[in-house]
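Any read-out appearing in this document is the output of simple, stated calculations on the displayed coordinates, not a laboratory observation. Not measured: the values here are computed from a predicted model. Methodologically, a virtual Cβ is constructed for each residue, glycine included, from the backbone with ideal geometry; neighbour enumeration extends over all protein chains shown.
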Amino acid sequence: MRARARLAGLALVVASLAGCRTLAQERGPATTAEIDAAIERVDAMHEQVIELTLISTLDAEKAFWVKLLDRLGDQREELTTVRDASAAGGGR
Amino acid sequence: MSGQDRIDRRAALGLLGAGAASVVTGCSTVIGARSPRMARALPDDLAGRYAVPEITAVRPEGTDEIGRAIRHGGRMDVLGHDLAYDFYVPARADGPVPFLLNLPILAGDKPVNRMVCKRLACFGIASGTIERPGNLFRQCETLEQLNENLVLTVRIQRAFVDWAAQRDEVRSDELGVVGVSMGGMVGTLLGAVEPRLRTLSLCLAGADFTDLLIPTTARRANAWGRQRTDIAGISMRELQARASQSLVDEPARLARYIETEKVLFVTARYDTTMPARNSDLLWEALGRPERKYLPFEHYTAILAIDWMIDAVVTHSRRRFAGLA
């Protein structure tokens, strides 16, 4: 019974990975324009979160928004790194 | 000397060494801008609101040589205010030099300004300060008056930059700002609306005036908050809520109009006057510019003033050289 469950789990993992691979192959690597659009979305969200930080009066709420700004900043840096690498590698 | 004394002495020396090392390494901690962004275009309504006012009269009051700097003092009339100014130039300069506007800390007085300007002159940089109109947080201003006063302060600083840029001693295309604490917050507003400023060094600054009304250890701001709550018969929390509606000219909001790479951001690690949350908020709003840390508190950061000015000069020169 246990061995069957393990086998089923393994099959599920393999199937998931195969599915992800297929999806990635279908979509292909992101283009520079796509990454730029994603950066723009992060920037727009960033501005909204700044506004939310400024209008919130609860301490915990402000702390939450500032933390979110930090995460968005990280996200922007990651996207910029990917874009620069893509551009350097002659990306689309 | 007993064994215990030797151990105590070693422990003391060890602690001293660790302290010195933390100051040295702390001062050199740098995070460069990894994902700088361009400035958003300034909307017309903001540009109109912060228009450069005319200086209607300038009355020079004397010149004196202080170390390697020559100070020109005087008064000028701007928007009906009679304000004192100081303009410093290096004593030995072969032609025009860059100019950095010095925006001091809220409690900053003449000796601190003089120290900063003198040091900048040693590096061959002209600098100057102009008095703020009124006394921020000292006249029990309403929230609306406080906001208007901030806008007025920024407009007057623009007029002073304009005046300095026209002086023969100054290179009109090499202008910048160095602002400390409240001066850094005013510097952010100024940097957003004054496109001629090529470099902004914002030290111990932060954002969110509303949030700063309660947790700050700055006595003037705290006293102002208490007065306003007493007069209006409201809680500090209620004052905060009202402030978030009234204090619209907020550094975090205007930071988006500043190009990230113009900025050098200096933070004191143990700052309780400008808490980390407010400092981080402005840094994020500016698009994560180059950031340096000082291993001090807000007021003890004065101990690192020379290091801070060195960093400001290096950043400003790099910006000016890149634009040459």
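Scan segment B:265-291 and report the pairs whose first residue is closer than 18 Å to A:VAL49 by Cβ and whose second residue is of a type in the set (Asp, Glu) and surrounded by 24 or more Cβ atoms within 10 Å (Cβ to Cβ), with Cβ atoms within less than 9 Å and a gap of 6+ or a chain change.
Cβ pairs passing all conditions: B:ARG277/B:ASP208; B:ARG277/B:ASP211; B:ASN278/B:ASP208; B:ASN278/B:ASP211; B:LEU281/B:ASP208; B:LEU281/B:ASP211; B:LEU282/B:ASP208.
Are there any pairs, at least 6 apart or on different chains, whose C-beta atoms fall under 7 Å, with the first in segment B:188-213 and within 11 Å of chain A (Cβ to nearest Cβ) and free of Cβ contacts under 8 Å to residues at least 24 places away in the same chain and the second of a type in the set (Phe, Trp, Tyr) and crowded, with 24+ Cβ neighbours inside 10 Å, and if so, which?
none
Within the bounds of segment B:257-271, is there any residue that is over 17 Å from the mean Cα position of the chain (by Cα) and within 11 Å of chain A (Cβ to nearest Cβ)?
No, segment B:257-271 contains no residue that is over 17 Å from the mean Cα position of the chain (by Cα) and within 11 Å of chain A (Cβ to nearest Cβ).
Name every residue in segment A:43-69 that is under 18 Å from B:ALA276 (Cβ atoms) and within 7 Å of another protein chain (Cβ to nearest Cβ), in order of residue number.
A:ILE50, A:THR53, A:LEU54, A:LYS62, A:ALA63, A:VAL66, A:LEU69
Before we move on, is B:ILE302 out of contact with any strand residue (DSSP E or B) (no Cβ under 6 Å at 6 or more places or on another chain), crowded, with 23+ Cβ neighbours inside 10 Å and β-branched (Val, Ile, Thr)?
No; evaluated as a whole, the condition is false for this residue.
Of (1) under 19 Å from B:LEU190 (Cα atoms); (2) more than 14 Å from chain A (Cβ to nearest Cβ); (3) small (Gly, Ala, Ser), B:ALA223 satisfies all except one. Which?
(1)
How about segment B:158-272: which helices (runs of 4 or more DSSP H) wholly inside it have at least 3 residues that are of a type in the set (D, E, K, R)?
B:219-232, B:236-246
Report yes if some residue within segment B:232-251 is surrounded by 24 or more Cβ atoms within 10 Å (Cβ to Cβ) and away from every other protein chain (no Cβ under 14 Å); otherwise report no.
No, because not a single residue in segment B:232-251 is surrounded by 24 or more Cβ atoms within 10 Å (Cβ to Cβ) and away from every other protein chain (no Cβ under 14 Å).
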